[in-house]
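Below is one structure, written out as structure tokens; comments come after it.
The values are calculated or read from the model by the stated rules, or taken from the named source; none is laboratory data. Treat the numbers as computed from the prediction; the structure is a model and nothing was measured. Positions of Cβ are generated from backbone atoms using ideal geometry, with glycine treated the same way; all protein chains shown enter the neighbour counts.
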Amino acid sequence: MELILVVVGAIVVAAIAKNRGLEPALMIVVVGIAASFLPGFTAPELDSHVLLSVVLPPLLYSAALDFSFPAFMRNIKPILGLGVGLVVVTAFAVAAVSAWLVVVPLTFATALVLGAIVAPPDAVTAVAVGRKLGLPKRVMTILTGESLINDAAALALFSIAVAQVAGTHTFIANPLLLFGYSALLGPVVGVALGYVTLWIRERLNSASLETIQGLVVPFAAYITAERFHASGVLAVVAAGFIVGSGTLSAGYQTRLQERYVWHSVDVLLEAFVFAYIGLHLRFVLEDLRDAHESLAEVGIAALVVLTIVLVIRPLSVFVMFGRGVLSRHVDRRLSVPIPEGGRGALGVRKPGEPKGKWRSMIDHTALTWQENVVVSWTGMRGVVTLAAAAGIPPTVASGEPFPERATIQAIAFAVAVGTLLLQGWTLPPLIRRLHLSSREDDRIYDREETYKTEHTVHMAADEVLAQFEAAPPAGLDPHVLTDIRNWIARHSKDADEMPDPEEHDLRAEVFSTLYRNVLAAQRAALITERDEGRIDDEAVRAMLDRLDLQEASVTARMESRI
């Protein structure tokens, strides 16, 4: 009952915040914190495994379904840099500083547990703000891609650190081998389950059943991968990529239904997570008091860790993205004539030298300094930090209490709330101040790709109609051929001119068959152009959405006449 009340309350707060132009996630956290101090209030308790295996998988799966895998690969360098490299750097930086300052009695091992907990940002709020304010497409892609893999790196590091402190045995003793095993097997499990899902869907032929099956996929991928000691996070993401790409050949009902179902699931789970974070503030403080810890010392330690988290990301972003700009500037100043077959200063590739196959797939375009600033300030922590903190075992292998468990949980909670409030409140005005709404280059690119998709679907429709006119059904009036061609060319704008299916005459039968053949040819042409790299995947998805809505509109109007 308490969980239902939390969800209902979070949805109400989110609705009010949205109507007033405020960020729903932040308002939910603030209201949750205030509610936690009400007399007699008891916060709902969930096991950390429930948070990780019930809340996290559908959020990741939904994001992967709508995310373009080619776009992921084009931006793989910054995504890996932020999603893996920055997580490791943050974790060890927090561990080193926390153990060195001795504000609270943390050894390096226990401090590394804390570092792994606070290392992964949750891009939910940042992506939502960026989408509303129109961030450039590449920045949105990098942030979304980072959020899909950083949880895996952080949870793997967390498991290794906890095992070292608790003295428990891991599946593989060597931490590096364990990390590699988890990172490699997780995607394999996800890909296998993704293809199994598509195979089953081909035989269901029911939008409702396919949607229900889709709701099971993220949980199955996560639990199966974790059973084999692999990364459940990467398994969910890989399954989402496979199913998201394969769903393009499914029926339009399934795609439309899944789109709205997963959007609703996202809103529900995100509202619950932020409410859960806010509602536990008072109880974290009570746990500290029960553990006889000094609130002042823990507060200072939390402030230090929060500062590290806020500073380390901008520094890392500059090292990863800013050094390219700097090296190109230095190379221009120090460049020397390039000998035949050689390289320029600092090893820069000669302009005419062809790129390798994999290199040509990756976007090497540098981010602007404004984009770097925004990326460096999108470090809000969320569900993984909360779940990992709750997942610290109460005791070690010897039966003794886990050292400084309450302190680590309190610091992690403070960092999560601090980043959500500080960065969450300041990110929208920062984006506006930098004038980073979608750049003209993005708009031109989108128009070009949209034109390509429109040209592709028109050519596919003309080809089907030409074949039909070359060999029309016997007994069909030539004027009917002209009517059908004109109607299909208008893309169902004039539904009143549709043949009445109730008549069951030749005209209605021919129209229905021909219209579906045109749609099938258009979808096939779009997918072919996308697979051969001639049209951007996101533009193809947008056009497929338009075709789905057209088919749904036509089908609904035809069925309404029966």
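Structure values in brief
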| quantity | calculated |
| --- | --- |
| Residue satisfying all of: in segment 5-37; touching a helix residue (DSSP H, G or I) at 6+ places or on another chain (Cβ under 9 Å) and part of a loop (DSSP other than H, G, I, E, B); farthest from residue 283 (Cα to Cα) among these | 20 |
| The one condition in (1) assigned to a helix (DSSP H, G or I); (2) of a type outside the set (S, T, N, Q); (3) in the same structural domain as residue 144 (by TED's automatic domain parsing) that residue 230 fails to fulfil | (1) |
| Selected residue (criterion: nearest to residue 128 (Cα to Cα)) from residues of segment 408-437 that are outside any helix (DSSP H, G or I) and not hydrophobic (A, V, I, L, M, F, W, C) | 437 |
| The listed residue being over 22 Å from residue 418 (Cβ atoms) and out of contact with any Leu (no Cβ under 6 Å at 6 or more places or on another chain), out of 38, 22, 51 | 38 |
| Which numbered condition residue 71 fails, given (1) part of a helix (DSSP H, G or I); (2) modelled with pLDDT under 85; (3) more than 26 Å from residue 313 (Cα to Cα) | (3) |
| Matching entry among 182, 159 (being small (Gly, Ala, Ser), crowded, with 24+ Cβ neighbours inside 10 Å and assigned by TED's automatic domain parsing to the domain that holds residue 432) | 182 |
| Pair list, Cβ under 9 Å, 6 or more apart: segment 17-35 residue on the phi < 0 side of the Ramachandran plot, other residue among the basic types (Lys, Arg) and part of a loop (DSSP other than H, G, I, E, B) | 27/20 |
| So residue 154, is it buried (at least 23 other Cβ atoms within 10 Å of the Cβ), touching a residue at least 60 places away in the same chain (Cβ under 8 Å), under 22 Å from residue 412 (Cα atoms) and under 18 Å from the mean Cα position of the chain (by Cα) | yes |
| Qualifying residue in segment 462-477 (condition: in a helix (DSSP H, G or I), assigned by TED's automatic domain parsing to the domain that holds residue 530 and either loosely packed, with under 11 Cβ neighbours inside 10 Å or at pLDDT below 70 (or both)) | yes |
| Of all residues in segment 377-407 being in a loop (DSSP other than H, G, I, E, B) and touching a strand residue (DSSP E or B) at 6+ places or on another chain (Cβ under 8 Å), the one that is surrounded by the most Cβ atoms within 10 Å (Cβ to Cβ) | 402 |
| Which listed residue, of 128, 96, is under 13 Å from the mean Cα position of the chain (by Cα) and small (Gly, Ala, Ser) | 128 |
| Helices (runs of 4 or more DSSP H) lying entirely in segment 103-190 (those with 3 or more residues that are under 25 Å from residue 51 (Cα atoms) and at pLDDT 90 or above) | 108-118, 137-166 |
| Qualifying residue in segment 94-114 (condition: under 30 Å from residue 5 (Cα atoms) and in contact (Cβ under 8 Å) with a residue 60 or more places away in the chain) | no |
| Subset of segment 280-294 (residues that are in contact with a Ser or Thr (Cβ under 8 Å, 6 or more places away or on another chain) and either modelled with pLDDT of 85 or more or not in a helix (DSSP H, G or I) (or both)) | 280, 291, 293 |
| Criterion violated by residue 90 - all others in (1) within 18 Å of the chain's Cα centre (by Cα); (2) at pLDDT 85 or above; (3) among the polar types (S, T, N, Q) satisfied | (1) |
| Test: residue in segment 351-372 that is closer than 30 Å to residue 269 by Cα, in the same structural domain as residue 420 (by TED's automatic domain parsing), out of contact with any Ser or Thr (no Cβ under 7 Å at 6 or more places or on another chain) and modelled with pLDDT of 55 or more | yes |
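A quick yes/no check of all residues on (1) assigned by TED's automatic domain parsing to the domain that holds residue 284; (2) charged (D, E, K, R); (3) under 16 Å from residue 121 (Cα atoms); (4) within 21 Å of the chain's Cα centre (by Cα):
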residue	(1), (2), (3), (4)
6	yes, no, no, no
16	yes, no, no, no
22	yes, no, no, no
26	yes, no, yes, yes
53	yes, no, no, yes
61	yes, no, no, yes
73	yes, no, no, yes
86	yes, no, yes, yes
